[in-house]
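Q: The structure is given below, and queries will be raised subsequently.
Each value in this text was obtained by applying a stated rule to the coordinates, not by laboratory testing. The structure presented is a predicted model; accordingly, all values stated were derived computationally and were not measured. Every residue, glycine as well, gets a Cβ built from its backbone with ideal geometry; the counts of neighbours run over all protein chains shown.
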Amino acid sequence: MTVEVRLPTLLRPAASGAAAVSVEGDTVGEVLHALVAAHPALAGQVLTEDGSLHRFVNVYLNDDDVRYLDRLDTKVVSGDVLSILPAVAGGAA
């Protein structure tokens, strides 16, 4: 399945400046592993060394947060869009 992966500005330099890339896979995990294989500079920024989703990254399949689906085991179909967003934290009390 070909899935479009949309990258935030922060990650684009690691993907040759691309805002979006097409990646093959049958699950969110396969797509993200293929993304990192195609753009090794993303290693450690999207997935941890053990292959799990980095805790400071949010991933949405179309408009659904994969944390509330089947996480990395969530099935994808051709034409789906994965959006990677960095988590935002902090602020003043």
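Q: When averaged across all projection directions, what area in nm² does the alpha-carbon convex hull of the chain cover?
A: Reported value for the Cα convex hull: 6.4 nm².
Q: Counting pairs of alpha carbon atoms under 8 Å apart in space and at least six apart in sequence, what relative contact order in percent does the chain give?
A: 37 percent
Q: Another question, then. How much mean residue ellipticity at 222 nm does the chain get from its helices, if each DSSP H run of length 4 or more adds -39500 (n - 2.57) and you divide by all residues, to the nearest 500 deg cm²/dmol?
A: -3500 deg cm²/dmol
Q: Between H54 and A19, with labels modelled 7 Å along Cα→Cβ, what's the label distance in nm to one decimal, could you check?
A: Those two pseudo-labels are separated by 2.1 nm.
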